[in-house]
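What follows is a single structure, written as structure tokens, with notes after it.
The values are calculated or read from the model by the stated rules, or taken from the named source; none is laboratory data. Keep in mind the model is a prediction, meaning the values are calculated, not measured. Reconstructed Cβ throughout: ideal geometry from the backbone, glycine too, with neighbour counts over all protein chains shown.
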Amino acid sequence: MFLFCFSSRIFAGADTDTNYVQTFKNIFALKLFLIDNGFTYSITPQNNSLFSPGQLKNAKVTYNPYIPATAGVSLNIKGIGASYVFKFTNDYLDTTGQAKSAFKQFQMNIYGTKFGFEGYYQDYQRFYYKYKGDDSLSKNLKNYNSDIRAYQFGANAILIFNGKKFSYNAAFNQTVLQKKSAGSWMLTFSLKFNELKARDLIPDDVKVFYGPYTNLQRNRNYAFLLQTGYAFNLTKHHFYFSGALLGGVGIQNQTYLFPDRKNYKIAFPLTGRAKTSLGYNGRIVFTGVFANADVIQSSIKSIKTQQMVSSYGVYLGFRAVQLTKSKGQVKAELRRQKEAEAAAKKKAAADKKAAAKAAKEAKRKKKK
């Protein structure tokens, strides 16, 4: 009940221009999707006087879980959305024979006309890794570490400057209709936690390049991020193409764990987000394709880290909704009704006066 009140009061925002955006009431929407998830975490040594910049760059270690294409479901009830990604079986849509990673993914969102909120949790276990000179993900498990785990969770607050004409919801969540093309500048505030850990993160072949970080076991980060950018939705007869591109900076508290100590560092990460979607957004049925990517890169004196989370896929959704009228539409209808009533009264008075005049004229002629 609290969430329903919260979403309707806080995130509703100002009234929309109904020439551009059509909202619903009593909304229930179900969306099914096939999705390919990508997750990349890299660690690169730097500023080590014993080696050249090229040698340090070649010592970068990249960690990837192996996750075959999976399925997911998303529900939206009265403006509150939640999605969960799952696997039917371990071999679902996969014929490679590679060892698969375990993962969990949950997201929720509330989008209004001027404000939006997103929360998420993602957990990955069992990784492949690679570095220069051994670039391929080996199917024979040579570069596979079942001990590695990465997980993250956080929240994004979204400020939409042109929410009267542009619907972020219609562009990327499809529970509102964008009737005419529009766009908006945006500002996001994010709190994010992420962690990569294992008993030994750095492979033996490149340990020599990492100096004091040779025996790294965990990299944990708490970050506050600020991003700005532009989003748009081009529409024609319910078909749409939407996109968003944002970039920004933040402040991050980092913890590096070793067998015998911990290091604490402050960093100022660069961050970016890209989203796009293409499809059909009808009143009852909506379908399309989508792609998303989030990147964050941090650098301190001795080491640089980068994390990218991406996804792409197809979706099919259904709604049980009623069209609703905005405050502007209701006011306009009341105004037209009052104008019609006033015109009818004026006409009735004029007709009565004309009838009285005609009767008087007829009486005068009769007397003659």
Worksheet item: From GLN125, GLN98, which residue is modelled with pLDDT of 90 or more and in the same structural domain as ALA171 (by TED's automatic domain parsing)?
Response: GLN125
Fill in: Any chance THR271 is surrounded by fewer than 16 Cβ atoms within 10 Å (Cβ to Cβ), closer than 24 Å to GLU195 by Cβ and not hydrophobic (A, V, I, L, M, F, W, C)
no
Worksheet item: Quick one: which of GLN227, GLN174 is buried (at least 17 other Cβ atoms within 10 Å of the Cβ), on the phi > 0 side of the Ramachandran plot and either polar (S, T, N, Q) or not in a loop (DSSP other than H, G, I, E, B) (or both)?
Response: GLN174
Worksheet item: Taking segment 101-118 as the region of interest, how many residues are buried (at least 21 other Cβ atoms within 10 Å of the Cβ) and assigned to a loop (DSSP other than H, G, I, E, B)?
Response: 3
Worksheet entry | Yes/no for LEU257 being out of contact with any Phe, Trp or Tyr (no Cβ under 8 Å at 6 or more places or on another chain) and either in the same structural domain as LEU177 (by TED's automatic domain parsing) or not aliphatic (A, V, I, L, M) (or both) | yes
Worksheet item: For segment 11-23, does any single residue satisfy the condition of being closer than 30 Å to GLY112 by Cβ, modelled with pLDDT of 85 or more and buried (at least 18 other Cβ atoms within 10 Å of the Cβ)?
Response: yes
Discussion item. With the structure loaded, tell me whether LEU141 is surrounded by fewer than 17 Cβ atoms within 10 Å (Cβ to Cβ) and modelled with pLDDT under 90 or whether it fails that test.
Written reply: yes
Practice prompt. Evaluate the following for SER49: is it more than 24 Å from SER311 (Cα to Cα) and either of a type in the set (Gly, Ala, Ser) or not in a strand (DSSP E or B) (or both)?
Written response: yes
Practice prompt. Collect the residues in segment 1-10 that are surrounded by fewer than 16 Cβ atoms within 10 Å (Cβ to Cβ) and either in contact with a strand residue (DSSP E or B) (Cβ under 6 Å, 6 or more places away or on another chain) or modelled with pLDDT of 80 or more (or both), keeping them in residue-number order.
Written response: LEU3
Worksheet item: Any residue in segment 33-47 that is buried (at least 18 other Cβ atoms within 10 Å of the Cβ), modelled with pLDDT under 90, touching a Leu at 6+ places or on another chain (Cβ under 7 Å) and assigned by TED's automatic domain parsing to the domain that holds GLY313?
Response: no
